[in-house]
1. Say we look at the stretch A:69-98 and pick out the residues that are farther than 12 Å from A:T23 by Cβ and of a type in the set (A, V, I, L, M); which of these is farthest from the other protein chains (Cβ to nearest Cβ)?
2. Quick test for you: out of B:A103, B:A81, pick the one residue that is open to solvent by less than 20 Å² (accessible area, probe 1.4 Å) and within 25 Å of A:P39 (Cβ to Cβ).
3. Could you say which residue among A:Y35, A:Y48 is in contact with a Leu (Cβ under 9 Å, 6 or more places away or on another chain) and open to solvent by less than 50 Å² (accessible area, probe 1.4 Å)?
4. Confirm whether A:G103 is closer than 26 Å to B:T94 by Cβ and without any contact (Cβ under 8 Å) to a residue 40 or more places away in the chain.
5. May I ask you to list pairs of residues, at least six apart or on different chains, whose Cβ atoms are under 8 Å apart, with the first in the stretch B:7-19 being among the aromatic types (F, W, Y) and the second being open to solvent by 40 Å² or more (accessible area, probe 1.4 Å) and not in a loop (DSSP other than H, G, I, E, B)?
6. Can you find even one residue in the stretch B:8-15 that is surrounded by 14 or more Cβ atoms within 10 Å (Cβ to Cβ), at pLDDT 95 or above and more than 11 Å from every other protein chain (Cβ to nearest Cβ)?
7. Quick one: count up the residues across the stretch A:1-19 that are aliphatic (A, V, I, L, M), open to solvent by less than 30 Å² (accessible area, probe 1.4 Å) and within 14 Å of chain B (Cβ to nearest Cβ).
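The values are calculated or read from the model by the stated rules, or taken from the named source; none is laboratory data. Computed from a prediction, not measured in an experiment: that's the story for all the values here. All Cβ positions, glycine included, derive from the backbone under ideal geometry; neighbour counts span all protein chains shown. The protein model used for the area step is the full one, side chains on, heavy atoms only, and it has no ligands, DNA or RNA in it. Shrake-Rupley method; radii C 1.70, N 1.55, O 1.52, S 1.80 Å.
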Amino acid sequence: GEDVEQSLFLSVREGDSSVINCTYTDSSSTYLYWYKQEPGAGLQLLTYIFSNMDMKQDQRLTVLLNKKDKHLSLRIADTQTGDSAIYFCAGNTGGFKTIFGAGTRLFVKA
Amino acid sequence: NAGVTQTPKFQVLKTGQSMTLQCAQDMNHNSMYWYRQDPGMGLRLIYYSASEGTTDKGEVPNGYNVSRLNKREFSLRLESAAPSQTSVYFCASTGQGVGNTEAFFGQGTRLTVV
């Protein structure tokens, strides 16, 4: 089955770029997502990319997909303290089961 | 719109006690899910309901039961709580957006079993 791996922690300074990386095992994943979880809250979809795309840009967010290496990344430009959260990489093959990574906790230092 | 609402937000149980976690969504979504979140392990699917009247096991169903009461409501029951079930539980639903796979989550229930 699908497995999604990501590093657990990332610390950056305010104003710098953050890059959160993820690797997945199932090459048939149709949708790949980034969810954000703020303290005490549930997950919210931040952005997503279809498997037939290489890149997606959405304001300060850039998602890069390397299908050959099964690698997904999320770049946050000009990181702010409000970006401090846990970021989950997830994949779905179009069915009912979305597989989530363990989450990367992003610390932003002022 | 309230989205996905879970109750309670916090609960402490003694080993062996039972309880039901409630979840309701007002987005007219067909599919609903229960996940547990444990440190370093991400979200693991306990049970899901693809549509009203159906339920299926996820990755970690042992020790849990579910009921899809109607299209809006999906409850999770712990019949005899164990310390290993200490976790944060999230209900989610899907039905619109990103090919119907975007998940909308409740705020979570933090359960401690002592």
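1. Residues of the stretch A:69-98 that are farther than 12 Å from A:T23 by Cβ, as a first pass: A:74-88, A:90, A:92-98.
From the residues that got through so far, the ones that are of a type in the set (A, V, I, L, M) too are A:74, A:76-77, A:85-86, A:90.
Values: A:L74: 16, A:I76: 20, A:A77: 23, A:A85: 14, A:I86: 10, A:A90: 8 Å.
Among those residues, the one meeting the criterion is A:A77.
2. Numbers: B:A81 fails: within 25 Å of A:P39 (Cβ to Cβ).
From the options B:A103, B:A81, the qualifying one is B:A103.
3. Values: A:Y48 fails: open to solvent by less than 50 Å² (accessible area, probe 1.4 Å).
Only one candidate passes the filter, namely A:Y35.
4. Details: closer than 26 Å to B:T94 by Cβ: yes; without any contact (Cβ under 8 Å) to a residue 40 or more places away in the chain: no.
In short, no.
5. Here the result reads B:F10/B:R110, each pair linking the stretch B:7-19 to a residue that is open to solvent by 40 Å² or more (accessible area, probe 1.4 Å) and not in a loop (DSSP other than H, G, I, E, B).
6. Restricting attention to the stretch B:8-15, the residues satisfying the condition of being surrounded by 14 or more Cβ atoms within 10 Å (Cβ to Cβ) are B:11, B:13.
Subsequent filtering for residues that are at pLDDT 95 or above retains B:11, B:13.
Checking the rest, the ones that are also more than 11 Å from every other protein chain (Cβ to nearest Cβ) come to B:11, B:13.
Looking through the stretch B:8-15, at least one residue is surrounded by 14 or more Cβ atoms within 10 Å (Cβ to Cβ), at pLDDT 95 or above and more than 11 Å from every other protein chain (Cβ to nearest Cβ).
7. Keep residues of the stretch A:1-19 that are aliphatic (A, V, I, L, M), which gives A:4, A:8, A:10, A:12, A:19.
Pick out the ones that are also open to solvent by less than 30 Å² (accessible area, probe 1.4 Å) and you get A:4, A:12.
Restricting the remaining residues to those that are within 14 Å of chain B (Cβ to nearest Cβ) gives A:4.
Number of matching residues: 1.
Condition check ((1) assigned to a loop (DSSP other than H, G, I, E, B); (2) open to solvent by less than 50 Å² (accessible area, probe 1.4 Å); (3) on the phi < 0 side of the Ramachandran plot) across all residues:
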| residue | (1), (2), (3) |
| --- | --- |
| B:P61 | yes, yes, yes |
| B:N65 | no, no, yes |
| B:K71 | yes, no, yes |
| B:S75 | no, yes, yes |
| B:V88 | no, yes, yes |
| B:L111 | no, yes, yes |
